[in-house]
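One structure is given here, and the rest of the page talks about it.
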Amino acid sequence: MPSIICLTEYPPGVYSVVFNRKAWIFMGKKKATACCGQCPDSSEHPDHGKELHRVNRISGQLEGVRRMIVEREYCPKIIMQAHAARAALKSLEGVILKRHLESCVKEALTSSDSEKAERKMAELIELFRST
């Protein structure tokens, strides 16, 4: 059984996590909950399981970059493959952000809890500040 890591312990961009296919399948079947219950909002979050195909493709692209480096491929070919992986990752981020805005943020802003809404806005500001 793979270990689950709470990435909220680290500042954005500091960690690098690589999962094998079995770990992603396991995580895709697990019921979606807020991190490890340590996040400010412990309500249920949207299921991003539909995006696992994207994650698997990105993982394959990164494996391709690794293989190309090991095999000493021509530099521009490696850069093109890395660029494709970065574009796919950016697309994945966009899909997840859209779903987050349509569910978590929308729910917080329409609730009567002003502190919850402020936490969501601060979370978004920090997210965009770190990118």
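Residue pairs whose Cβ atoms lie under 6 Å apart, separated by 6 or more positions or on different chains, with the first residue in the stretch 73-84 and free of Cβ contacts under 8 Å to residues at least 24 places away in the same chain and the second in a helix (DSSP H, G or I), are Ile78/Met68; Gln81/Gly64; Gln81/Val65; Ala82/Val65; Ala84/Gln61. Against the definition (within 19 Å of Leu127 (Cβ to Cβ), surrounded by 12 or more Cβ atoms within 10 Å (Cβ to Cβ) and at pLDDT 90 or above), how does Leu62 come out, yes or no? Considered against the rule, which asks whether it is within 19 Å of Leu127 (Cβ to Cβ), surrounded by 12 or more Cβ atoms within 10 Å (Cβ to Cβ) and at pLDDT 90 or above, Leu62 comes out as no.
Of all the criteria given as (1) under 23 Å from the mean Cα position of the chain (by Cα); (2) surrounded by fewer than 16 Cβ atoms within 10 Å (Cβ to Cβ); (3) in a helix (DSSP H, G or I), the one not satisfied by Thr131 is (3). Does at least one position in the stretch 111-121 carry a residue that is among the hydroxyl-bearing types (Ser, Thr, Tyr), closer than 16 Å to His45 by Cα and either under 17 Å from the mean Cα position of the chain (by Cα) or loosely packed, with under 12 Cβ neighbours inside 10 Å (or both)? No: the stretch 111-121 contains no residue that is among the hydroxyl-bearing types (Ser, Thr, Tyr), closer than 16 Å to His45 by Cα and either under 17 Å from the mean Cα position of the chain (by Cα) or loosely packed, with under 12 Cβ neighbours inside 10 Å (or both). When Lys98 is tested against (1) touching a residue at least 12 places away in the same chain (Cβ under 8 Å); (2) within 17 Å of His45 (Cβ to Cβ), just one condition goes unmet, and that condition is (1). I'd like to check something: does the stretch 104-111 contain any residue that is outside any helix (DSSP H, G or I) and farther than 24 Å from Lys50 by Cβ? So far as the stretch 104-111 goes, yes, one or more of its residues are outside any helix (DSSP H, G or I) and farther than 24 Å from Lys50 by Cβ.
Please indicate, with yes or no, whether at least one residue in the stretch 90-103 is in a loop (DSSP other than H, G, I, E, B) and either more than 12 Å from the chain's Cα centre (by Cα) or farther than 17 Å from Leu127 by Cα (or both). The answer is no; no qualifying residue exists. Within the stretch 51-72, is even one residue out of contact with any Leu (no Cβ under 7 Å at 6 or more places or on another chain), in a loop (DSSP other than H, G, I, E, B) and over 30 Å from Ala117 (Cβ atoms)? Looking through the stretch 51-72, at least one residue is out of contact with any Leu (no Cβ under 7 Å at 6 or more places or on another chain), in a loop (DSSP other than H, G, I, E, B) and over 30 Å from Ala117 (Cβ atoms).
The values are calculated or read from the model by the stated rules, or taken from the named source; none is laboratory data. From a predicted model like this one, the values you see are computed outputs, not experimental measurements. Positions of Cβ are generated from backbone atoms using ideal geometry, with glycine treated the same way; all protein chains shown enter the neighbour counts.
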